[in-house]
Amino acid sequence: MSFREDGEAAVEWAARYLERVGELPVLAQVQPGEIRSRLPASPPEQGEPFADVLRDVDDILLPGITHWQSPRFFAYFAVSAGEPGILAELLAATLNSVAFLWRTSPASTELELLTLDWVAQLLGLPGGWHGHIEDTASTSTLAALAAAREVTGRNVVVCSEQAHSSVDKAAKLLGLEVRKAPTDSEFRLRPDALDLTDAAAVVATVGTTSTTSVDPVPAIADACADAGAWLHVDAAYAGSAWVCPELRASQEGVERADSLVVNAHKWLFTPMDCSLLWTSRPDDFRRAFSLVPEYLRTSDEADSLSDYGPALGRRFRSLKLWAVLRCYGREGLQQRIREAVRLAALFEGWVREEPGWDVCAPRPFSLVCFRHEGSDEHNEQIVERINRSGEAFLSHTRLGDRYVIRLAIGNERTSETDVQRAWDALRAASAD
């Protein structure tokens, strides 16, 4: 078959998958090693038709896929790759741009800068910040802390005990010490407990992973200013919600950040991976990362985005984000985020009204933390039963040393019916 015919078959496969993903078991129903055992141990000697690849995707790989695109994927932070972004990924792979210098991909470089400016406007961020794309928030946080170390010459990073583990990993890679600050009854960092005498940076979180709690950024910014510490704001999940004016209370104080991360692949419906990193101090990022060997020297009077982060080679990630922004628009993004928040509020109400169930944390966005009466083992069994059934996929956390169930809504295809099915499954599993 020709490239066009294979391409049509691939797009048809993608369209059929998105139409039927809600019918598939959300969590992969296989055992470790099962997928590999069904594949040849050695590569083929002769080339095979692409149709055989699609066949094996269906027959062998699909049973081993946990379906993040499912409308009943409620674990971690539910995400979805919008169709415009999926198609733009095809275009980016076709162009195969490698934007380590401006001249190696002027369009990729300039579109990335423009698109980050667009998103900043949509989210109500300060004008004039420099933005670029990294793969994930883990890399964005690593880059921010490397810049903080460069600027301050210190080796301590402070965050709350609810901060994402990417802070610990970045500190480990950079040789920094992590100091955890306690949180209040709503799982927010306590500014009065900060000790910043030797801190290079403080990571304030807007939308923590366990509960989506919002650290008091204004007070933390005051403490950073007094101590000369870098303020990095991790809004990887919740920052996207700022496209809705009624959800911008959590943005208070962010305008004073030295760096900020928001993941477009979480709640801006852009295919994985696309992490947006802004800084109000781009010159400090350049000092931390710019390294230009002779073979990369050019006469171009233009920035190379590789000067602002750890990677040299850079994919054309902005193309998929640009496609999503153009095809959804501000109104489309707002509609989808508001619907996720509405469904989470609806589910929270069902939990509060049902005897034997408790809501365990405030719900500022679209994550509900809850548990059934009884032991941790009982609640763990509830989650395991549902996940193994394939009906939905849930995750958990620990709050106050208790096992707590998390239900995160963020997929654009999730409907009230999907949330009701999850609730019915929870109640049934709790009674077993």
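The values are calculated or read from the model by the stated rules, or taken from the named source; none is laboratory data. Everything numeric here is computed off the predicted structure, so don't read it as measured data. Neighbour counts run over all protein chains shown; Cβ positions are idealised from the backbone, glycine included. These area figures cover heavy atoms from the full protein model, side chains too; ligands, DNA and RNA do not enter into them. Shrake-Rupley method; radii C 1.70, N 1.55, O 1.52, S 1.80 Å.
Only one of the numbered conditions (1) out of contact with any helix residue (DSSP H, G or I) (no Cβ under 9 Å at 6 or more places or on another chain); (2) at pLDDT 95 or above is not met by ALA193, and that is (2). Is there a residue in region 10-30 that is open to solvent by 50 Å² or more (accessible area, probe 1.4 Å), acidic (Asp, Glu), farther than 30 Å from PHE365 by Cβ and over 23 Å from the mean Cα position of the chain (by Cα)? Yes, region 10-30 contains at least one residue that is open to solvent by 50 Å² or more (accessible area, probe 1.4 Å), acidic (Asp, Glu), farther than 30 Å from PHE365 by Cβ and over 23 Å from the mean Cα position of the chain (by Cα). Residues in region 242-271 that are part of a loop (DSSP other than H, G, I, E, B) and either open to solvent by 10 Å² or more (accessible area, probe 1.4 Å) or not small (Gly, Ala, Ser) (or both): CYS244, GLU252, ASP258, LEU268, PHE269, THR270, PRO271.
For region 134-177, residues that are touching a helix residue (DSSP H, G or I) at 6+ places or on another chain (Cβ under 6 Å) and either at positive phi or not in a helix (DSSP H, G or I) (or both) total 3.
The set of residues from region 210-226 being over 16 Å from ALA344 (Cβ atoms), assigned to a loop (DSSP other than H, G, I, E, B) and of a type outside the set (Asp, Glu) comprises just one member, PRO216.
Does region 1-8 contain any residue that is in a loop (DSSP other than H, G, I, E, B) and farther than 24 Å from GLU412 by Cβ? Checked against the condition, which is being in a loop (DSSP other than H, G, I, E, B) and farther than 24 Å from GLU412 by Cβ, region 1-8 yields at least one hit.
Out of ALA120, ALA78, one residue alone is touching a strand residue (DSSP E or B) at 6+ places or on another chain (Cβ under 8 Å), at pLDDT below 95 and small (Gly, Ala, Ser). It is ALA78.
Say we look at region 227-241 and pick out the residues that are part of a helix (DSSP H, G or I) and within 17 Å of the chain's Cα centre (by Cα); which of these is surrounded by the fewest Cβ atoms within 10 Å (Cβ to Cβ)?
So the residue we want is ALA238.
Within region 28-44, residues that are in a helix (DSSP H, G or I) reach partners that are open to solvent by less than 70 Å² (accessible area, probe 1.4 Å) with beta carbons closer than 6 Å, at six or more positions or on different chains, in the pairs ILE35/GLY64. Within region 293-305, the set of residues being within 34 Å of the chain's Cα centre (by Cα) and open to solvent by 50 Å² or more (accessible area, probe 1.4 Å) comprises GLU301, ASP303.
Reported count of residues in region 183-226, each being over 21 Å from LEU276 (Cβ atoms) and either of a type in the set (Ser, Thr, Tyr) or open to solvent by 10 Å² or more (accessible area, probe 1.4 Å) (or both), is 25.
The residues on offer are GLU339, GLU348, GLU380, GLU391, and the sole one that is at pLDDT 95 or above, open to solvent by 20 Å² or more (accessible area, probe 1.4 Å), assigned to a loop (DSSP other than H, G, I, E, B) and of a type in the set (Asp, Glu) is GLU391.
Contact map, region 275-297: residues that are among the basic types (Lys, Arg) paired with residues that are surrounded by fewer than 17 Cβ atoms within 10 Å (Cβ to Cβ), Cβ distance under 8 Å, separation 6+ or inter-chain. Pairs shown: ARG287/GLU150.
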